[in-house]
């Protein structure tokens, strides 16, 4: 069992808040991803869990036992570094055996465990090599093996795929996820790459500027972002967000007369949340807009990105807003062409410009 | 005493440290380490303190057993160092005594008289110090400058036989200086360089050049070549790149190399003793020769050593901020 709980964990460096008080419960066997841009506090949080960084306040519990002030080696946690941190003067076998030797295990046990682990990661052919001679991907596998051999309660990984080539990253992603499924071990994984997070995480914790923005499954975080930051950060490109005003059941967008009719079941929750104000932010993902000759909304083509399997159109709706619309690869558009499009009303989201939070309606349970 | 593993240090930790470094045990260990280092530093500096004290002691205090720590300071050492004296003849002693009482003698003459001597003129100590300053200073400047160019060339250019040349340069350091003194003496005499400032400067420059080249090459190797490539693409010539880009970055290395070359040239004894006599003699041999002159004048030797110490201390003190990084000799790479 390996349940990690963070209770109001915070970290200050002098006057600078690297992590503001954070509450998080990580379930046993979960693959949780700490996601966010550089400087958001995700790596600091990971380091606090491991003990490589002290907490300025709060507690960290592992299986309901307080580990906040235990030495890193006493926490039964393995750490995988971004730059591998393999011992260059030892062979791969010695590198992997090292943690067990540090614990004083018997020779037989060490050999047995190393044996098991190299098969899982398919590096048996590298056992006698020096880390310096290996490719990045192989080095990372050795680092994972070294973490795995201890059979710890939890794995902490700090952007382990960051130093690899793009093509390697994809295959290693699948390998790590497969490893996690085989081992059933709780894993906390830090990354700034939201594609990685969406692909690997059971739950994603989005952080920005030392604050937790949203913690939820990939679907939740993608389809129901809790605030503007999450809406913009998740997805490539992020959600289209337009400032508009609500008037007579429609959202009026600046510039060319673009009005979007709000579905009825949204009207009450919107008015309630906006509390008299008429400013509203409307959001929709590129795949939720469809070009149509009878579309409600109007714009001009600003740029066309060919992605092979699909085309991403940049549509200029007015001086301020350029939205991305995902279109079929077969369709061709000229720059400057006027287009009309519709939005899928089930997928449109609304945000309060003052609080930057999403406005929810009561879901109809079916 | 609160339990650290349960409750932590009891205050919010706002530095970047590991968990085990804020435990009470760790802090006590840290304080103990600082104390031990302070003790070692004091022990290492004791000879210097003794030397300073000795230079201010009167003769009787110096040889007393056990050694005195509290004593009446006397300028005897300095006076003996800076002046040539002769023993006052019995006949004139009375005159001197009278002059001392009426206050006609200045302080230097009075101190000399207390030891039964009169001043006959200045000693050559100041001249020797001056020679040391000139010879060591000039040779350091030359060896560091030339070494800098050589080091840059070895580091950046494809010199023919580079490894062999570098080893050859290094091998000159493997030689004890004394071994080549006799051939050098003969060479100098042939070239009329014996006992000249130029001869000594040339000699020290050549001997320091190997050290300077090796040290500076290490430092220049550490400067990423991308800076120079960017400058060359922007249109700077090689010389401009060297002088605007490489030099500012090599400053710490140059400081460290200067100190090492200076210390070597300053303390050099063998060549100074055997290749100079009157004109260009530097301080080290002359301080030692004071030992032989009619009894061991410890206070004068101490004072002389103190005077000899001070210029180097001043130079190293001025360069101290550069040195701390330079001590690693460019061996630490990221």
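The values are calculated or read from the model by the stated rules, or taken from the named source; none is laboratory data. Bear in mind that the values here come from a model prediction, so they are computed numbers and not experimental data. For neighbour counting, all protein chains shown are included, and Cβ atoms are generated from backbone atoms with ideal geometry for every residue, glycine included.
Looking only at residues that are in contact (Cβ under 8 Å) with a residue 60 or more places away in the chain and buried (at least 22 other Cβ atoms within 10 Å of the Cβ) in segment A:49-71, which one is nearest to the other protein chains (Cβ to nearest Cβ)?
A:49
Assuming residue A:280 fulfils every condition listed in (1) under 28 Å from residue A:211 (Cα atoms); (2) in a loop (DSSP other than H, G, I, E, B) apart from one, which condition is it?
(2)
Would you call residue A:240 at pLDDT 85 or above and either in the same structural domain as residue A:300 (by TED's automatic domain parsing) or touching a strand residue (DSSP E or B) at 6+ places or on another chain (Cβ under 9 Å) (or both)?
Judged against the criteria, residue A:240 is a match.
I'd like the full set of residues that are crowded, with 17+ Cβ neighbours inside 10 Å and over 15 Å from residue B:256 (Cα atoms), limited to segment B:206-220.
Passing the criteria: only B:207.
Any residue at all in segment B:84-92 that is over 26 Å from residue B:316 (Cα atoms), modelled with pLDDT under 90 and under 31 Å from the mean Cα position of the chain (by Cα)?
Yes; the residues of segment B:84-92 include at least one that is over 26 Å from residue B:316 (Cα atoms), modelled with pLDDT under 90 and under 31 Å from the mean Cα position of the chain (by Cα).
It is to be established whether one or more residues within segment B:36-44 are modelled with pLDDT under 90 and away from chain A (no Cβ under 14 Å).
Scanning segment B:36-44, I find no residue that is modelled with pLDDT under 90 and away from chain A (no Cβ under 14 Å), so the answer is no.
Among the listed residues B:29, B:105, identify the single one that is surrounded by 10 or more Cβ atoms within 10 Å (Cβ to Cβ), in contact with a helix residue (DSSP H, G or I) (Cβ under 8 Å, 6 or more places away or on another chain) and away from chain A (no Cβ under 14 Å).
So the residue among B:29, B:105 that is surrounded by 10 or more Cβ atoms within 10 Å (Cβ to Cβ), in contact with a helix residue (DSSP H, G or I) (Cβ under 8 Å, 6 or more places away or on another chain) and away from chain A (no Cβ under 14 Å) is B:105.
Would you please name the residue that is surrounded by the fewest Cβ atoms within 10 Å (Cβ to Cβ), looking only at residues in segment B:16-26 that are more than 7 Å from chain A (Cβ to nearest Cβ) and out of contact with any helix residue (DSSP H, G or I) (no Cβ under 7 Å at 6 or more places or on another chain)?
Residue satisfying both the conditions and the ranking: B:25.
Among the residues of segment A:238-253, how many are in a loop (DSSP other than H, G, I, E, B) and free of Cβ contacts under 8 Å to residues at least 40 places away in the same chain?
Total meeting the criteria: 3.
So, restricting to strands (runs of 3 or more DSSP E) that lie completely within segment A:1-60, which ones have at least 3 residues that are under 18 Å from the mean Cα position of the chain (by Cα)?
In segment A:1-60, the matching strands (runs of 3 or more DSSP E) lie at A:16-26, A:31-35.
Filter segment A:87-99 down to residues that are at pLDDT 90 or above and buried (at least 18 other Cβ atoms within 10 Å of the Cβ) and give me whichever is farthest from the other protein chains (Cβ to nearest Cβ).
Here the answer is A:93.
Could you check how many residues of segment B:189-241 are part of a helix (DSSP H, G or I) and within 29 Å of the chain's Cα centre (by Cα)?
Total meeting the criteria: 26.
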